[in-house]
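Take a look at the structure below.
The values are calculated or read from the model by the stated rules, or taken from the named source; none is laboratory data. Just so it is clear, the structure is predicted and the values come from calculations on it, not from any experiment. Positions of Cβ are generated from backbone atoms using ideal geometry, with glycine treated the same way; all protein chains shown enter the neighbour counts. Keep in mind that these areas ignore ligands, DNA and RNA; they rest on the heavy atoms of the full protein, side chains included. Shrake-Rupley method; radii C 1.70, N 1.55, O 1.52, S 1.80 Å.
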Amino acid sequence: MASNGEGEKRSRKHLSSTANSLLHRCARVLNTKPESLVEEFELGLKPVVDNYSRRLVEFCSLKALEPLSRNLSEKINNGEFSRFTYDMMLAWEKPSPFPDEHRRSECIAKENEDKVISGVPANNKQNNDNDDDVSLFYSDMMPLLVSEEASVGESAYAWFGSLFPLASDIVNARFTFETLTAATGNRLHYPAYDRFLKEMDKYIDYLQKQAKPTETELADDEFILHVEGSAQTQRVVRHIGASSRPGRLTLTNKALYFEASGVVSYERALKVNLWRTDVDHQVKGASTGPWGAPLFDKAISYQSTEVSEPLILEFPELTGSTRRDLWLALVKEVILLHRFVSMYDLSESPLQSSEMHSRAILGVIRLHAAREMLKMSPPPPNSFLTFSLYDDVPKGDYVLEELANSVKQTSKITPFGATDVLKILDLISHPFEPISQEKIPVLKEEQRNQAELLDSTVGQSKDEAMEVGIAKAAVHEVKEEGITDSLLVLVDLLRPFRIILLRLQRLISWERPARAGFLLIITLLTIYIEGAGYALSSVFLGGAGAILWAKRVHIGERFSEVVVDTSSDKSTMESVVEAQQTLKGLHEIVNKVNITILKIWSLFTSRSKKHTDMVVWVMMGVALVLAVVPFKYILMGVIAYYSLASTDIVKSMSSNPQGTRRLKEWWDSIPVVPVHIVDGNS
């Protein structure tokens, strides 16, 4: 065992100046000597360990977090906690006195690239301070303009989330960091970090002061997440048919409450349970307006078997629909949270279930803190909401599966659990075992391995999301001509075909099993006896007979023109809105067709070699099957499958949501061929 002097000398040798300073600060907080910390660290050190300096920084940081987290709210407000933890991230990022030149050069190159993109040469910063302030930062972030002092990168930010999930959560820290640092060259500076923590503490204080919904008792493990519609906040209006009622809207981690405004106080709260996983919750954006006309896209619509009619809530604002988007994301997050807990049977363990709820609550708090920081350009909610994020991004289901496995094996994933953090902040008082002086959190090897595996899965998902994002950005650049009013005539002309299609769908949906079964048997027998030619000839004969009949009864003379009736029992405003929605739907169809053709052309021209190679191999496999198996048997199998697809038996056998999700993610990641529209005469 090394002596005290040898331990001090070794620590100075292995640590950078930042890390060495952190070691001494941790020792002061723990009322011990730096060499004692080094000695304790080396006692538990394995004979062969990678990155001695970084492991020592991690050990000291975790030890210091326990006393540092006492009176946490006070230390956040006076800046002690933010300064200390920020230095932890700096020391972790550069633990050795010999910095990683490759990583450093990449960071410098990234910062220079961001400056060049924003119009400021990398080597001319001092001469253009007045020009780059506006381009690099949001106007409401001007107080956060930083000096040349060190900044924190994404990996360090994610690492701290693996120790103390307050400012970040290891599950979505990389997405959160990308959003917070979008205007600062993907580097987190101390003023922004300090303000972020203070905004979180302010929102926690705000939540603690909120009153419970009228005539309602919240469950022991139910906590308020967001409130609007009160005297201190913006209006919320509930629409019931052509009438509307303002009121207060409260969201908890289990339900949604709406209290209509009365003469003196609020009426009894309408409760919508979001925790039930046996109910099909449908929440989406909606449009509202005077007398029920859908003019303003600023509302959400909630439907389930629990409510007799859709619950439509409007969030009025002058421009945009950021309030509606926020509430839509928050409600979805609560629904997806309970779906996740139920899917992976975490509800059987109160500790595991509580940890997931606490992580979701902290995600909501981070979101509100970020919105306060970036008022002029509110961040996308999903970057802070774990379950909504991974419901959308590619391979998100893999991340959630890995998260569930980590929770089952280690309960809290991190040494300090999210539930511990909320209890330290006095936001919740849960009947689980609190942190005590005798049980200081330690980073177990199992937790380290699970955190590394989880972070690796998150990184893969983020890379996939970037690839899909690039492909979708190319899609948005595709331009099409406007859709004219003549499409209204097309809609009317296609109405008979739509009626035929609906009847055919009703027939094959097995609402009448006898008719559907008879049609399926006749079709399969026709194909088996190779009578498709006879069947096709019968169709043509029937068509010819119909034409002859129309000629005999003088249909052409009686209907010499096509009349499109535009009259309606609806009001003028409703008719205009309906026409607008129809045009919008047709425009989306044309858009999808164009993008599909461009993606097929992209595959053919090998713009994405990975996707093209996959298509080639699949086509070769299909060709081999068609060459070996008689086509009539393949056709019979396809028809039988799609005919029986709507039955409960086939649905239970062939249900594969993951396969469908993989196929959709693969399709979304295909880049489109750029379209450049020019005027040939100019």
If r is the Cβ-Cβ distance from A219 to A640 and R0 is 60 Å, what FRET efficiency results, to the nearest 0.05?
0.75
Tell me, what ³J(HN,Hα) does each residue in the stretch 491-505 have, in order and in whole Hz, if you take phi through Karplus 6.51 cos²θ - 1.76 cosθ + 1.60 with θ = phi - 60° and put x for Gly and Pro?
4, 5, 5, 7, 4, x, 5, 5, 5, 4, 5, 5, 5, 5, 5
Note down the accessible area of E372, probe 1.4 Å, to the nearest 10 Å².
80
Per-residue HN-Hα couplings for the stretch 213-218 [Karplus 6.51, -1.76, 1.60; θ = phi - 60°; Hz; x = Gly/Pro]
x, 4, 6, 9, 10, 6
Under the 0.36 nm per residue contour assumption, what length would be gained going from the current alpha-carbon distance of T605 and I589 to full extension?
3.3 nm
Let me check I've understood the local charge: for R268, count other residues with C-beta under 9 angstrom from its C-beta, Lys and Arg +1, Asp and Glu -1. What total comes out?
-3
So who's got an amide H within less than 5 Å of the one on T214, skipping anything under 5 residues away but keeping other chains? H placed 1.01 Å off N, in plane.
A269
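Which pairs in the list K271/K298; K75/K212; K395/K592 are over 27 Å apart, alpha-carbon to alpha-carbon?
Working: K271/K298 22 Å; K75/K212 29 Å; K395/K592 24 Å.
Check vs 27 Å cut-off fails for K75/K212.
Go through H611, H587, H189 and list them by solvent-accessible area, largest first, probe radius 1.4 Å.
Working: H611 5, H587 75, H189 30 Å².
Ranked list, largest accessible area first: H587, H189, H611.
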Expected output is a single nm value to one decimal: the length gained when fully extending between E578 and Y398, i.e. 0.36 nm times separation in residues minus the C-alpha distance. What is it?
60.7 nm
For the stretch 184-189, in residue order, the Karplus 3J(HN,Hα) values (coefficients 6.51, -1.76, 1.60; θ = phi - 60°; whole Hz; Gly and Pro = x) are 10, x, 6, 10, 9, 9
Quick calc: nm separation of the 7 Å Cα→Cβ label points for W617 and T233 -> 5.1
Taking a 1.4 Å probe, which of M619, M356 shows the most accessible area, and what order do the others take after it?
M619, M356
What distance in nm separates the two pseudo spin-label positions at R503 and S377, each 7 Å out from Cα along the beta-carbon direction?
5.7
Gap in Å between the Cα centre of the stretch 34-74 and the Cα centre of the stretch 184-253?
37
Added length on full extension, which subtracts the Cα-Cα distance from 0.36 nm per residue, N71 to E317
84.7 nm
Heavy-atom SASA rank of L23, L494 (probe 1.4 Å, accessible area, largest first):
L494, L23
Check A255: other-chain or 5+ apart residues with amide H under 5 Å from its amide H, H built from backbone geometry?
L274
